[in-house]
Every structure is written in structure tokens, then in C-alpha cells.
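Student: Got a structure for you, questions after.
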Amino acid sequence: MRARAGGEVIVMNRSRALSRLLTVAIATLLGLGSCFAEPNGLGPTATGGTDALSEGGASAGGAAGSGPVCTARAPKRDAKCNPATSGEPLLVRQVSDTPQDTQVFVDDLYARFANYCGSCHVQNSLGAFHVTRNTFSTDVDDKALKAIESDTQTCKKDSSGNKLDASCFDWMPPTGKSWSDRQKDPSDPVVGFATLLDTWIQQGRPVDIFTLPADKGGKSPYSINLGFSKMWTNIGTCVPDEGMVATELTQSCALDDRFAAMARKPDGTPQEQIGLPNTLEQTDLFSFDSARLATYGVIAYVPAYPLWSDSAAKLRYVRVPRGQSIKYDSKTKQFDIPKNTRFYKTFFRKVIDFDGVER
């Protein structure tokens, strides 16, 4: 299985998981969303227990040997999302829907540098350039930014190996692509990293913290007002009726196809190296609205024996490819999980919000 930062995302191949992993309310409840915008042309799909999604639309048939058919369930007119009164309340920060300056820790900026440039300049010293967290603020400057924003794959050199043009930089990361091509992809994580790096350099390369202006960071697509923040529980913001689950078709099927086609490529781009989408906005978690997630088949669950994680609260989701189900074997007490089932887990820690209230 595979994981990525920013809220844990796990994709499992068909396997026998221990019953402790999921003694679930798989057929019951749905959860919140992530911290990103709705995917472009992609979105969540169906999930559930053994029979929850195989009825009323999701077919396991199709032509012989062709596998499950991606179809939507017929929505019921009176279906609604009910208050999650039985869930464990979660304290959630309010998020404004207007652009704001953002404080960024240099530790986080260095972590991104290590992610994209670390194989050459953290674990190794390619080009006699080696960076640690302690030397990051003194050694990384606009030359690194120029390399990231370069459109030249390999600079021309003389017979002695010296660059003919001192202002030329090979594009970085070397396994990536030109800056012009990156700018065409709004989800390219290196573009966001370059924005942060440029802002940090312009502010004098501070050691601990810097400010990302509102006009560069943009506004959050996931605003949370006071009323909405009080609806959150470990089973989402509401509990969907069965008649509204997995009723969306187009985006759900597209996302199933995308996950099925992904594979890890150790020597590929950052996305190919992990074999997962670049950002959560490209996964099944694209909203905080549990009612909306329900139509895509994103379902929250709670294990019977949750592990303690430094007093952090957790919100877990499961998303089964359309037309398939998680099955439980009562004899072996194990789950049979379809290939490309996605598990999501978000951790919550108490913080002091802008209004001085602990959330």
C-alpha cells in the first residue's frame, strides 16, 4: 500500500486485511473533505459494505471477463443527510473565504526542497552542492530558483566541462520537465514550491518563518464558518441516507480509471515516484460537505479498536471502486478488499484559533 503526506492516503491491492483494521460502519456513514478544491473532471465514487453499493445500479457484471461495470445508483427523492448526533465531536478551525497572508515555516519549505531536490543535494552532493536544514538559509539562493524555472534541459559546455553561458541552468529536478511545461499544469507541485521559494528569497531568506502574501496564496476554497465548524464529528458533518450514496457517475468512474492506471516509477516525476495524485484535490476528498461526498460514494468509518495517536482525533474514509464491495469472512475474521480501494485518514490536533478559542 502507498501513503502520502497531507492527510494520509492509502491505496490497497486486493488483500486480506486484519479485522482490527476495519470493524467498520462501512455501510453507514460518510465523512468530510480535504483541504483542496474539487478535481477538474474527476471526483469520488462508490463505497460501502458487502451489499451497500451493489444494489440499485453498481453492477458486477458486464461482458465475461471484463470486470465490474462503472454505473451510478438511482437517487431517491426523499434521501437526505441527517445530523451526525452519534459521532464524536471534532473541534475545527474557522477558515475565511477571503484571501489572507499566510505564515509559512522554513522547516516546511526545506521539507519541500528535500522532497524535490534531496536525492541530488541532501542525500548526495551533486555538483559539489550539499544542503542541510542548518545550511538551507545560507546556501540556497536565487540560483536554485533559476534552475527550477529553467527551460534548458542541459546547458552547453566546452571541452573542459565549463558552461558556455554562465547564466544558463539545467532545469531542476533533472528527471522533471521544463518550466514552461510546468506552468501549463496548475496542479504541478513544483510550481507551488517555486512560488514559496521566490517569496522566501525576496524576504531575505529568513531562518524560521516568512509570509506568503494573500495575492500569491489565494483564498481557500474550503471556507468554514462558525456554524459549519460545529457540525463536524469523526463520522463527518452528517449521516447520508442510502438513497443518496454513489449516485454520481462521470467523475467517479474517471477517478477509478485514474487510480487503476497509476503505478510507481522510482525514476519518474515526483507524482510517478509515489504512484498517487500530486494533491488531495485530485483524489476522492474534494469537499468538507458530507452530503456532497455521499453522492460520490465517499464513506466515513470508525474501527472498533482505534489506535491512540498522541491524543489526536481522526476522521477516516473509505472509497471502493464503483461496482465492487468490501467483503467480510466471518470464518477467518478478515476483510477482502478490492484492488484500488482508497483509504483516507485525517488527524486533528487542538490549536488556539484566531479568536483565541481552543479548537
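Student: Suppose the Debye formula is applied to equal point scatterers at every Cα of the stretch 102-217; what is log10 I(q)/I(0) at q = 0.11, 0.19, 0.21, 0.22 Å⁻¹?
Tutor: -0.37, -1.08, -1.27, -1.36
Student: In percent, what relative contact order does the stretch 102-217 have, based on Cα pairs under 8 Å that are 6 or more apart in sequence?
Tutor: Relative contact order, the stretch 102-217: 35 percent.
Student: Which residues' amide hydrogens lie under 5 Å from the amide hydrogen of Val239, considering only partners 5 or more residues apart or on another chain, with H built in the peptide plane?
Tutor: Asn82, Ala84
Student: What net charge is computed for the residues neighbouring Gly243, neighbours being all others with C-beta under 9 Å from the C-beta of Gly243, Lys and Arg scored +1, Asp and Glu -1?
Tutor: +1
Student: Also, I was wondering about something else. Quick check: convex hull over the Cα atoms of the stretch 319-359, volume per residue in Å³, rounded to an integer?
Tutor: Expressed per residue, the convex hull around the Cα atoms of the stretch 319-359 is 127 Å³.
Student: Shifting gears a bit: Restricting attention to the stretch 103-167, which chymotrypsin sites (Phe, Trp or Tyr not before Pro) occupy a DSSP loop and are surrounded by at most 16 other Cβ atoms within 10 Å?
Tutor: For chymotrypsin sites (Phe, Trp or Tyr not before Pro) across the stretch 103-167 that sit outside H, G, I, E and B with at most 16 neighbouring Cβ atoms in 10 Å, the list reads Phe129.
Just so you know, all these numbers are worked out from the coordinates, no wet-lab data involved. Source: prediction; values computed, not measured. Note that each Cβ is placed from the backbone with ideal geometry, even for glycine, and that neighbours are counted across all protein chains shown.
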